[in-house]
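> Here it is: the structure, laid out below.
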Amino acid sequence: MQTCEFTYLNFLGQGCSGCQRSEVATERVTLFKSTSESHEVMIQLSIPLRVRIIHPHPLDSENFGSIAVARGPLIYCAESIDNHKIKDLRMIRIPDNVQFREISIPFPSNTTLTGLKAEISIAGVIDDIDNDGWVDLSLESQTLTMIPFFAWANRGPSDLRTWLPRLL
């Protein structure tokens, strides 16, 4: 097996709020070239996939105050089958300082997916309604598991959330 390294440019900035221009990051990538006796060539490209937070367009009023999560080019979603302790995915609240960690999730056909886990808040029961009509919700801490969107509903029927409200 032969190994060669090269440098490529990664254009960042698409879909982020507050970006004035595209930022360019240089990264190292390793290619593995494998030749077999049948003269077939297999090239394996290994590119680091970083988790990033996506904010909606300012004119997208339906998702105002929400975020989406991506890892490389893949969009992630919360699926009820992985989050059985969260009764209603609409109650998820993502803190601004959320830290996602990569996990391995079993998937049909004896494969695994790279999922994401994070500590989040869940909006619970109504604590109080003040004189102005504002509602105070109690918050409880919970662990959120996210999977790539393409894998949704492959392990049984479930609910899905891609845009997740921020904890304001």
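The values are calculated or read from the model by the stated rules, or taken from the named source; none is laboratory data. These numbers come from a predicted model, not from an experiment. So basically every Cβ, Gly included, is an ideal-geometry build from the backbone, and we count neighbours across all protein chains shown.
> Might you check whether a residue that is farther than 12 Å from Ile147 by Cα, modelled with pLDDT of 90 or more and not in a loop (DSSP other than H, G, I, E, B) occurs anywhere in the stretch 71-89?
Yes: the stretch 71-89 contains one or more residues that are farther than 12 Å from Ile147 by Cα, modelled with pLDDT of 90 or more and not in a loop (DSSP other than H, G, I, E, B).
> Among the listed residues Pro157, Pro165, Pro58, which satisfies the condition of being outside any strand (DSSP E or B), more than 30 Å from Ile47 (Cβ to Cβ) and at pLDDT 90 or above?
One residue alone meets the criteria, Pro58.
> Under the condition of being in contact with a Leu (Cβ under 9 Å, 6 or more places away or on another chain) and within 14 Å of Ile67 (Cβ to Cβ), which residue from the stretch 99-122 is modelled with the lowest pLDDT?
Out of the qualifying residues, it is Ser121.
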